[in-house]
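Trainee: One structure coming up, written as structure tokens, with questions to follow.
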Amino acid sequence: MSGHHELRAHAVLSASGSKRWLSCPPSAQLEQQFPDDGKESVFAQEGTLAHEFAELYLLYATHQIKAPEFNRKRKALEKNELFSPDMIDYIDSYITTVMERLNTAKAESGDAFVMIEQKLDFSPWVPGGFGTGDALIISDKAIEICDLKYGKGVPVSAVGNTQMRLYALGALNGYGVLYEPDHVRMTIVQPRLDSISTDQLTVEELTRWAAEVAKPTAEKAAAGKGEYKAGDWCRFCRAKAVCRVRAEANLELAKKEFADPPTLSNEEIGDVLSKADELRKWAEDVENYALVHAENGEKFPGWKLVEGRSNRKYTDEDQVAVRLIAEEYTEDDIYQKKILAITKMQKLLGKKRFETLLGDLIVKPAGKPTLVPESDKRPEIGSTASAAEDFK
Ligand code: SF4
């Protein structure tokens with residue numbers, strides 16, 4: 001295996017952080033004052049494992065390894081405590097996408113081939129810029145990069161996606177001269193969200209963006225120059241809790257001139273709602289920052305650290321049971337048995353087996369009404385689109 005998975009080092013100007021530093025160039029250097037805590041979340045570890053499986057399955061599907069090696073490595077990966085059978089079902093849909101794209105590319109150009117876990121160097125445009133392409137399909141017509149995102153947060157669009165564009169530049173840097181493709185395709189596969197998104201640019205469009213936007217902005221960012229600019233990219237900035245520009249932008253957002261009458265109109269409430277989400281996130285970031293620093297002994301005027309509320313708990317559940325059974329309580333009295341929750345059950349069975357065995361016993365009740373911005377993809381309750389959705 002390539003071993004790139006856990007080595008996806010974070011450069012100052014990383015591709016994954018490119019939306020942030022392209023929008024707010026000095027954030028790249030400001031962030032360096034707030035080092036990463038180095039702790040990898042369990043979701044990131046799960047993502048790493050999923051990428052290892054994806055690499056292995058793709059090597060096998062493209063006949064780059066034989067069955068004994070595949071089986072030996074698969075069994076070793078399955079020993080990881082984060083493994084669950086449904087991971088294979090999700091990986092399978094990513095492999096299917098890559099193989100479909102490879103077959104299409106082969107139909108377009110007989111010489112098409114795939115490279116797996118390929119290091120991509122886009123440093124000619126971004127100082128120190130490199131990344132790893134999960135699957136790279138190369139031919140003399142096109143280069144396609146497929147990126148597996150295993151998280152189940154929000155769907156990420158490939159359209160206009162700067163991370164994918166930088167990867168595409170890296171691919172062009174490595175293979176463009178030899179193959180002279182006309183265009184690049186960038187695909188993001190999020191199997192747990194059933195989302196596949198593709199963008200396509202001509203090589204000329206991509207290199208123009210690189211020369212006019214990526215390169216000059218990266219140079220500013222590397223030098224800590226340019227203008228600070230707050231936006232939804234701030235959520236991924238290590239300076240997000242203490243950044244003055246973000247604070248000012250949010251306080252500005254909160255300013256509202258309310259005229260008579262004494263109660264708000266629906267238009268005004270709509271306006272407050274549209275700002276509330278960003279303000280809430282900012283306030284949470286500041287609170288978390290202050291809590292961590294207060295625990296380390298820092299003082300924030302007007303605030304103090306106290307013990308929060310807590311609930312009673314057993315120190316030893318086995319001892320509790322022994323004592324109660326000795327007092328003639330039965331196991332039925334003292335234990336409660338519950339079937340596994342749906343997500344855990346699906347993890348246990350795998351997605352396909354879950355559907356086969358239990359599909360007809362699962363219903364999805366209507367969700368609690370939620371207010372969301374009009375741009376949200378879900379149909380409005382009471383609309384024709386919503387009725388069609390219910391009918392499905
Ligand atoms: S928090 Fe936002 S505005 Fe501040 S440096 Fe980071 S990205 Fe820029």
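Trainee: For A254, indicate whether it is more than 10 Å from the ligand (Cβ to nearest atom), in contact (Cβ under 8 Å) with a residue 60 or more places away in the chain and open to solvent by 30 Å² or more (accessible area, probe 1.4 Å).
Mentor: It is false that A254 is more than 10 Å from the ligand (Cβ to nearest atom), in contact (Cβ under 8 Å) with a residue 60 or more places away in the chain and open to solvent by 30 Å² or more (accessible area, probe 1.4 Å).
Trainee: Would you mention how many residues in the range 227-244 are buried (at least 16 other Cβ atoms within 10 Å of the Cβ) and more than 7 Å from the ligand (Cβ to nearest atom)?
Mentor: The qualifying residues number 3.
Trainee: If you go through the range 65-82 one residue at a time, how many are in contact (Cβ under 8 Å) with a residue 12 or more places away in the chain and surrounded by fewer than 12 Cβ atoms within 10 Å (Cβ to Cβ)?
Mentor: Summing the residues that are in contact (Cβ under 8 Å) with a residue 12 or more places away in the chain and surrounded by fewer than 12 Cβ atoms within 10 Å (Cβ to Cβ) in the range 65-82 gives 0.
Trainee: Would you say R208 is basic (K, R) and within 16 Å of the ligand (Cβ to nearest atom)?
Mentor: no
Trainee: Looking at L264, L324, L349, which one is in contact (Cβ under 8 Å) with a residue 60 or more places away in the chain and more than 16 Å from the ligand (Cβ to nearest atom)?
Mentor: L349
Trainee: Right, here's the next one. Can you name the number of the only condition in (1) open to solvent by 10 Å² or more (accessible area, probe 1.4 Å); (2) over 14 Å from the mean Cα position of the chain (by Cα) that E144 fails?
Mentor: (1)
Trainee: Let me ask something additional. Could you list, in sequence order, the residues of the range 200-226 that are open to solvent by less than 50 Å² (accessible area, probe 1.4 Å) and farther than 19 Å from K19 by Cβ?
Mentor: Scanning the range 200-226 gives a single hit, V203.
Trainee: Just one of the numbered conditions (1) surrounded by fewer than 18 Cβ atoms within 10 Å (Cβ to Cβ); (2) within 16 Å of the chain's Cα centre (by Cα); (3) among the acidic types (D, E) is not true of D134; which one?
Mentor: (1)
Trainee: Here is a further query. Looking at the range 34-87 only, could you name the residues that are small (G, A, S) and part of a loop (DSSP other than H, G, I, E, B)?
Mentor: G38, S41, S84
Trainee: Could you check, for the range 176-184, whether at least one of its residues is modelled with pLDDT of 95 or more and within 25 Å of C146 (Cα to Cα)?
Mentor: yes
The values are calculated or read from the model by the stated rules, or taken from the named source; none is laboratory data. Bear in mind that the values here come from a model prediction, so they are computed numbers and not experimental data. When we count neighbours, we look across all protein chains shown, and the Cβ atoms used for this are built from the backbone with ideal geometry, even at glycine. Calculation scope for accessible area: heavy atoms of the full protein, side chains included, ligands and nucleic acids excluded. Shrake-Rupley method; radii C 1.70, N 1.55, O 1.52, S 1.80 Å.
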